[in-house]
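Here's the structure, in structure tokens; my notes come after.
The values are calculated or read from the model by the stated rules, or taken from the named source; none is laboratory data. All values reported here derive from a predicted model rather than from experimental measurement. Reconstructed Cβ throughout: ideal geometry from the backbone, glycine too, with neighbour counts over all protein chains shown. The area values use the complete protein model at the heavy-atom level, side chains included, leaving out ligands, DNA and RNA. Shrake-Rupley method; radii C 1.70, N 1.55, O 1.52, S 1.80 Å.
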Amino acid sequence: VNEIRIVIADDSEPVLYMLGELLKADYDVVASVGDGRAAVEATQRLKPELVLLDISMPIVDGFEAAREIKEIRPSALVIFVSEHREKVYAEVAFSVGASGYVIKSKMITELLPAIREALAGREYGRPAPTGAHLRI
Amino acid sequence: MSQPLDPEANLPVPFENKEPQVAPFPIVGVGASAGGLEAFSRLLEALPVDTGMAFVLIQHLDPAHKSELTSILSKSTSMKVSEVIEGMAVEPNQVYVIPPNTTLQFERRALHLRPRSLNAGPHLTIDHFFQSLANEQSRLSIGVVLSGTGSDGSEGLKAIKSACGITFAQDEGSAKYPAMPRSAAATGIVDFVMPPAQIAEELARISQNRYILPSSGRDTKEVLPEGDGELKEIFSLLLRGTGVDFSHYKEPTIRRRIARRMVVHRFAELPPYVAFLRQHPEEVKELFRDALINVTSFFRDPAAFTALVTQLSALIQKKEFDKNSLRAWIPGCSTGEEVYSLAICVQELCERTGIRPILQFFGTDIDEGALAVARAGLCPERILQEISSERLNRFFTQVDGKYQISKAIRETCVFAKHDVTRDTPFSHLDLISCRNVLIYLDSVLQKALFPTFHYALNSGGLLFLGTAETVGSSADLFAVSDSKHKIFTRKAGPPRLDRFSTWHSNAADTFTQVQVATATNTHNLGNKVDRIIRDRYAPDAVVIDRDWQILQFRGQTGFYLEPAPGEASYHLLRMARGDLSYSLRDIISIAMQGNTFVEMKGLRVEQGGEVREISIEVTPIESDRHQERFYLVAFRRDVTHILPASQQVVPEPKTTDERVAHLERELAAARRYQRGMSQEHDAAMEELRALNEEVRSANEELQSSNEELGTTKEELQSSNEELTTVNEELDTRNQQLGLLNDDLNNLFSAVNSPVLKVDRELYLRRCTPAAEKLGIGASDLNHPVRDLQRRMGTLPDLELLIRDVIDKLAVQTYDFQDQESRWWSLSIRPYRTTDHRIDGAVLTFTDTDPLQRALHVSDEARRYADAIIETVREPLVILNPALRVDRANASFYRVFRLTQAKAEGQHIYELGNGQWNIPEFRAQLEKLLLTGTSFTDFEVKHALLDAGTRMMSLNGRQISDESKGTGVILLAFEDVTERRKREEEMARQLTETGHELDRTKEELRALAGRLMNAREEQDRRVARELHDDFGQRLALLEITIENCRLGPLGQAHPEVQETLGLLRQRVSELSSDVRTLSHRMHPSVLDDLGLVIALKGLAEEFQLARSAPVLFTSKNVPVTLPLPYAGGVYRIAQEALSNATKYAPGAPVTITLTAGHDCLRLIISDTGPGFNPVSVRANGGLGLVSMQERAHLLGGDLRIQSQPRQGTNVSLKIPLPKPVKSE
């Protein structure tokens, strides 16, 4: 009844399937798309509460998609699920408005807690600041 | 009575002036002339250096020469010796020396120099200084006269002595020239006569005496001997010894004199000195003389003299009685200058007015010594300063270096010993000059003197006093005539001598005798007769004035007059006895009214039983002042009316004829005898008279002989002086000659060349020691010069050559070789004497052997050089400094088609039709001339006549001549035309090859770039594949396994679950490896997030690997950059960071990425220890080469600056690519 609706975007079918399987017990996955553009369009159309984004996607990458989603539906929470383990990816992800960042291979144990945290208004997976000397 | 200077008048009291207060100290003036240097030295050597005195040396010096005295005397004493400069202050324990040609004086505590006057008179510098010293220093002046001729210093010593100073003279035994100290000693005022060393001792002793220097340094008060009792005793000793009572003299003056004598005799206290005085009567005399020391001078205070002459003039013109005489008395005349001054003034006055009275000037003093000087009338040379030359010529004659008052003046002056305070005064005087005497007498004596003067002067007579003196309380006796110059006129009135009862008759007698001895004896005889007549025959009389006051009593007037009872009165009528007053009133009244002589006869006067019949005569007396009139009232006794004839000689009453006859016979006999005697007496008188005449004439002759002798003596003296001078000059000349001889000898031995002197007869007279070089020595002296011929080697006939020079008077020079083949240059010149006579010749030999040999060497060198020049193939030309051709070699002539005749002497620019007149070439040559350097390979195009244009290379060099600074220029020519052509061809080929190489290199590089890009692309693709595909799949596999492990299957079978866990672990590891591989091949972040993020990631990555921070900063960098471009930059940064990590693991690193207008700049720097990029690159390490290569591919520039210990700075600058949208 009061289900959280989620759009998931990944250019890999198996991953989308895996994500669907992980989420279906607790959440309502309203759309599974294969690129960033589709994720933005789905968000605009379906107005989900949460969007899970991969970073490396065709047409529009995850970061660009997240920027546009936050623009058209600022209330939508974004969590990145990516295979990139470099810290800069996570930082960029939070800088474009993400609420969580989950390494893809650890999604089974970390995705659901990340979603819970995000829904509770907190962040998940923000890398610890490495120091004031790193500036852009 | 003398007139000492008042020592108090000018004591050197420093508090009087404004200068700093310095306790006065004695200043010793030391004067000397010839022989002074030795005396000075001995004096200074014996002097202690701390006497507290200053010494001023006055030496007669040659005005034309600089004095060395100061430096010579400095060796004799350790006191500071300095030559006086104008205004120099005097300080104790120092010695001052007069400079030449100056007069020195001491004024206001300083030494002052004046140029010596130019007049011909003697320069009495010592006198002059001593006098100024006495004026300034008074009792603290000390004068010393040392060796010398003449008499300079004597007057100066007098001045010092009279100022209470102390005087010294060198003794005759030790003085080289004793005249000057002898003259000083002869004045009798010198305290010590001794050798210089003793003078020094005495000075040292005096400096310790408390009367000279007070014991406390700052106390400037004079110390005088105390003790009234002793003083009284001294006065009584003086009175006994000299007859002069000093007790009324001013006491400080006397005490000062006593102190001075005590200094001389080394007494510190008064009682021992008094004892000494008692035992030594001669010291009493000395003290007496010292006490009376004075300095008088001619015409002292000239203005006063002028005023006096005016007064005297009026006096002479007005004189009524005795117009024929003028009498003046000068008490205290000392050595007579005042007397003579007056005499001269009056003489001048008489000549001017035409009135010629008999002049009499009486000079008196208590000092017989002074009087003797006065009588002689001899004055020292110093009077030249006091007396005008006109007076000097008229009233003085020069005698024996001194000046004597002319006889005419001397004869009017009489000098006698006389104590004005005790002896009977002179009378009937017209003038008394008593200047500067009273100031030495106390008021008691002063008061007593004025009545004496009043008595002595005629009415209207003048009294002439000193400027500081006045008649004081005796103004009733004298009226002021000239207050400024202290001239007074005697007032009329009876003398008031009642207070003076102690006149000594003997003094007056002495004077009378002296008077008789002068030419005025007849006049005085008349006076005597007058006096007798007056005493014996004159009537008793009184003189009254208009007020009936009796002014004078004459004879015995007691019979007619008596003092009236009551108040004492000289009124005639009150004093008249009995009825006489009536008669007197009548008769005198008549006389007064008529102003005529009135006589009244037949008056009877009775007194004490005696009756006299008298007549009274009243005679008016005109005074020279017309308003005053006096009356002589005479009481004449009528002899016949004498009643008691007791005083008459009455013959015996009882006489006989026999007795009468007898007496008459006796009388007759007596008369005869008397007549005979009288005749004899007459004859004797006659004879005496004749004898007297003879004696007188003999005397005159003697006198003239004496004068002649005097003149002769003077001449002798001057000759003697001249001889001394000549002798001294000769001495000097002798010394100079000795010096010259020494100079000559030294010069001769110093001359290193043989020099021979040959006389007219051609005999060798002198030769230098260096003549030994030619084998000529002392043994050849005085031998004919032809004996030397053998030693002259190649020189032809020496004798002939010398003769030739002597005849022609021309200097000749010859070169020759001696026996040992040494070269000599002989110069023969005539020997000229100072009177231009030719007296032989001087032969100077100069050793020219080295010179000749050097010439030979230089000749050889020249030949050598010539040979080289001629042998060289290249054209050579030698230019002189004026750039004219000096010479050239054959090659030069050949190449440039010139002949020697055409070329030599030509200017280089004119050579060959001016073809070398090229501006660049000129510049080169001028530079060469200016700097003296050389130039090489200067190329000039040159057109040769037959070979066309050739390229010539020139080498120029200045062969500098050290002595002249410039030298000849050597120019060498080389034809480089062919060589140039070959070189140009080679250069062209080289360039072409180089270009080709560059092109190939560029192609290679492009290829390498492409290769690298291709590889990068390949890597990227593989990496993508690995990451996106394999990685993804592995991740999925991992998830699947995990799902399975946690799924029902795993839960059902624990062993399956365990295996699945292990499997998942393996897959995870594999996934990580794949990711790492992918990342290493190509960082996906560069594709995904751009260069900035990638570099940031890189920085973080490295930060984790090292302990120090890595700071990254970027600015304006575009997000989208072409991948190869970003990749290149990334790889360079990666390389630089790994270097930094390797070489500076602990140092912070900063990465700065900045995009500018059209370029991107990457700077990576660390503060680590740094490295040497060159050596590192040479070892092929660190990927520096690949960094460079990448930078090059990007069209950029990479710089690596690193130095050990200064950190590393990698700086990349590449152009920004044209904006291309990636992907």
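Which of the following residues is touching a Ser or Thr at 6+ places or on another chain (Cβ under 7 Å) and modelled with pLDDT of 85 or more: B:Val751, B:Val755?
When all the criteria are applied, what remains is B:Val755.
When B:Ser891, B:Ser827 are screened for being free of Cβ contacts under 8 Å to residues at least 40 places away in the same chain, under 30 Å from B:Gly775 (Cα atoms), open to solvent by less than 20 Å² (accessible area, probe 1.4 Å) and not charged (D, E, K, R), only B:Ser827 passes.
For (1) of a type in the set (A, V, I, L, M); (2) under 19 Å from A:Ala114 (Cβ atoms), each residue gets a yes or a no:
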position: A:Gly20; (1), (2): no, yes
position: A:Asp28; (1), (2): no, yes
position: A:Arg37; (1), (2): no, no
position: A:Pro48; (1), (2): no, yes
position: A:Ile59; (1), (2): yes, no
position: A:Leu77; (1), (2): yes, yes
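Checking each residue in segment B:154-202 for being crowded, with 24+ Cβ neighbours inside 10 Å and of a type in the set (Ser, Thr, Tyr) picks out B:Ser154, B:Thr167. Taking segment B:1088-1109 as the range and being free of Cβ contacts under 8 Å to residues at least 60 places away in the same chain and facing chain A (nearest Cβ under 7 Å) as the test, the residues that pass are B:Asp1088, B:Leu1089, B:Ile1093, B:Lys1096, B:Gly1097, B:Ala1099, B:Glu1100, B:Gln1103, B:Pro1109. Restricting segment B:1037-1050 to residues that are among the hydrophobic types (A, V, I, L, M, F, W, C) and open to solvent by 60 Å² or more (accessible area, probe 1.4 Å), the residue that is farthest from the other protein chains (Cβ to nearest Cβ) is B:Leu1049. Screening segment A:35-56 for residues that are small (Gly, Ala, Ser) and open to solvent by less than 20 Å² (accessible area, probe 1.4 Å) and picking the one that is farthest from B:Ala1035 (Cα to Cα) gives A:Ala42. The listed residues are B:Ser1078, B:Ser1071, and the only one of them that is under 25 Å from A:Ala90 (Cβ atoms) and at the interface with chain A (Cβ under 7 Å from one of its Cβ atoms) turns out to be B:Ser1071. Considering each residue of segment B:464-473 in turn, at least one proves to be in contact (Cβ under 8 Å) with a residue 40 or more places away in the chain, open to solvent by 20 Å² or more (accessible area, probe 1.4 Å), closer than 24 Å to B:Glu337 by Cβ and under 52 Å from the mean Cα position of the chain (by Cα). Of all residues in segment B:766-793, those that are small (Gly, Ala, Ser) and touching a Cys at 6+ places or on another chain (Cβ under 9 Å) total 2.
Considering each of A:Ile59, A:Ile4 in turn, give the residue that is touching a helix residue (DSSP H, G or I) at 6+ places or on another chain (Cβ under 8 Å), within 14 Å of another protein chain (Cβ to nearest Cβ), surrounded by fewer than 19 Cβ atoms within 10 Å (Cβ to Cβ) and aliphatic (A, V, I, L, M). None of the others qualify; the one that does is A:Ile59. Which residue pairs have Cβ atoms under 9 Å apart, sit 6 or more places apart or on different chains, and have a first residue in segment B:365-377 that is closer than 15 Å to B:Phe288 by Cβ and in contact (Cβ under 8 Å) with a residue 60 or more places away in the chain and a second that is open to solvent by 40 Å² or more (accessible area, probe 1.4 Å) and in a helix (DSSP H, G or I)? Pairs that qualify, where the first residue is closer than 15 Å to B:Phe288 by Cβ and in contact (Cβ under 8 Å) with a residue 60 or more places away in the chain and the partner is open to solvent by 40 Å² or more (accessible area, probe 1.4 Å) and in a helix (DSSP H, G or I), are B:Asp367/B:Arg289; B:Gly369/B:Arg289; B:Ala370/B:Arg289. Do the conditions hold for A:Arg122, that is, is it away from every other protein chain (no Cβ under 13 Å), open to solvent by 50 Å² or more (accessible area, probe 1.4 Å) and under 21 Å from A:Glu21 (Cα atoms)? Considered against the rule, which asks whether it is away from every other protein chain (no Cβ under 13 Å), open to solvent by 50 Å² or more (accessible area, probe 1.4 Å) and under 21 Å from A:Glu21 (Cα atoms), A:Arg122 comes out as no.
Anything in segment B:1024-1036 that is open to solvent by 30 Å² or more (accessible area, probe 1.4 Å) and either away from chain A (no Cβ under 12 Å) or within 14 Å of A:Lys106 (Cβ to Cβ) (or both)? List them, or say none.
Residue satisfying the conditions is B:Glu1025 alone.
Among the conditions (1) open to solvent by 10 Å² or more (accessible area, probe 1.4 Å); (2) within 11 Å of chain B (Cβ to nearest Cβ), the only one that A:His84 does not satisfy is (1). Consider segment B:431-458 and keep the residues that are open to solvent by 10 Å² or more (accessible area, probe 1.4 Å), outside any helix (DSSP H, G or I) and within 23 Å of B:Ile254 (Cβ to Cβ). The one that is modelled with the highest pLDDT is B:Arg435. Filter segment A:7-24 down to the residues that are open to solvent by 30 Å² or more (accessible area, probe 1.4 Å), of a type in the set (D, E, K, R) and within 24 Å of A:His84 (Cα to Cα) and list them by number. Those that are open to solvent by 30 Å² or more (accessible area, probe 1.4 Å), of a type in the set (D, E, K, R) and within 24 Å of A:His84 (Cα to Cα): A:Asp11, A:Glu13, A:Glu21.
Here's the yes/no breakdown for (1) open to solvent by 10 Å² or more (accessible area, probe 1.4 Å); (2) in contact with a Ser or Thr (Cβ under 7 Å, 6 or more places away or on another chain); (3) over 20 Å from B:Pro302 (Cβ atoms); (4) part of a loop (DSSP other than H, G, I, E, B):
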residue: B:Cys333; (1), (2), (3), (4): no, yes, no, yes
residue: B:Leu349; (1), (2), (3), (4): no, yes, no, no
residue: B:Phe362; (1), (2), (3), (4): no, no, yes, no
residue: B:Thr397; (1), (2), (3), (4): yes, yes, yes, no
residue: B:Arg410; (1), (2), (3), (4): yes, no, yes, no
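Residues in segment B:1057-1077: is at least one in contact (Cβ under 8 Å) with a residue 40 or more places away in the chain and surrounded by fewer than 17 Cβ atoms within 10 Å (Cβ to Cβ)? There is at least one residue in segment B:1057-1077 that is in contact (Cβ under 8 Å) with a residue 40 or more places away in the chain and surrounded by fewer than 17 Cβ atoms within 10 Å (Cβ to Cβ).
Counting the residues of segment A:87-105 that are within 14 Å of chain B (Cβ to nearest Cβ) and surrounded by fewer than 17 Cβ atoms within 10 Å (Cβ to Cβ) gives 1.
Looking across segment B:63-74, the residues that are in contact (Cβ under 8 Å) with a residue 12 or more places away in the chain and over 13 Å from B:Pro100 (Cβ atoms) come down to B:Ile72, B:Leu73. B:Asp1019 falls short on exactly one of the conditions (1) away from every other protein chain (no Cβ under 11 Å); (2) surrounded by fewer than 18 Cβ atoms within 10 Å (Cβ to Cβ); (3) closer than 27 Å to A:Leu16 by Cα, and that condition is (3).
This table checks each residue for (1) part of a helix (DSSP H, G or I); (2) within 15 Å of B:Pro754 (Cβ to Cβ).
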position	(1), (2)
B:Leu800	yes, no
B:Val842	no, yes
B:Arg863	yes, no
B:Glu874	no, no
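Residues that are open to solvent by 70 Å² or more (accessible area, probe 1.4 Å) and within 14 Å of another protein chain (Cβ to nearest Cβ): does segment A:25-34 have at least one? Yes; the residues of segment A:25-34 include at least one that is open to solvent by 70 Å² or more (accessible area, probe 1.4 Å) and within 14 Å of another protein chain (Cβ to nearest Cβ).
So which residues in segment B:325-348 are among the aliphatic types (A, V, I, L, M) and at pLDDT below 85, if there are any at all?
B:Leu326
Where residues in segment B:230-263 are among the small types (Gly, Ala, Ser) and in a helix (DSSP H, G or I), which of them is nearest to B:Ala275 (Cα to Cα)?
The qualifying residue nearest to B:Ala275 (Cα to Cα) is B:Ser236.
In the condition set (1) assigned to a strand (DSSP E or B); (2) at pLDDT 80 or above, B:Ser589 is compliant with all but (1).
In segment B:796-819, the residues that are surrounded by fewer than 14 Cβ atoms within 10 Å (Cβ to Cβ) form Cβ pairs under 6 Å with partners that are of a type in the set (D, E, K, R), at six or more places apart or across chains, as follows: B:Val811/B:Arg829.
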